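What follows is calculated from the coordinates using simple rules that are stated; it is not laboratory data. Source: prediction; values computed, not measured. Please note: Cβ atoms are built from the backbone with ideal geometry, for glycine as well, and neighbour counts cover all protein chains shown.
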Amino acid sequence: MGRIYFDIAPFGGYPAGPGVYYECGVCEDFVPSIPRNAAACACRNIVVDADAGRVSVKDHARFRAFRTA
Ligand SMILES: [Zn+2]
């Protein structure tokens, strides 16, 4: 699976959509940007609450977003 990484603006929000994933640099897990309900990486650095439309990231330096190619 190819990964094309997004440039993340500090206060610009996060990209989201089908085929878009968030990658955690702490546990190296990744989660879908639009999960069915909610999703989190193994260490919970990244938590996505789809119902609330909210993405919580504890350590932004260890956060990346990519889409599959
Ligand atoms: Zn993690």
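Going through Ala69, Ala42, Ala16 one at a time, which residue ends up being farther than 16 Å from Gly2 by Cβ and over 11 Å from the mean Cα position of the chain (by Cα)?
Values: Ala69 fails: farther than 16 Å from Gly2 by Cβ; Ala16 fails: over 11 Å from the mean Cα position of the chain (by Cα).
Just a single option satisfies the conditions, and that option is Ala42.
How many residues are part of a loop (DSSP other than H, G, I, E, B) and crowded, with 17+ Cβ neighbours inside 10 Å when one looks only at the stretch 30-69?
To start, the set of residues in the stretch 30-69 that are part of a loop (DSSP other than H, G, I, E, B) comprises 33-37, 41-45, 50-53, 58-59, 69.
Pick out the ones that are also crowded, with 17+ Cβ neighbours inside 10 Å and you get 33, 41, 45.
Qualifying residue count for the region: 3.
Which ones in the stretch 1-46 are under 20 Å from Thr68 (Cα atoms) and near the ligand (Cβ under 10 Å from one of its atoms)?
Matches in the stretch 1-46: Tyr22, Glu23, Cys24, Gly25, Cys27, Glu28, Asp29, Phe30, Val31, Ala40, Cys41, Ile46.
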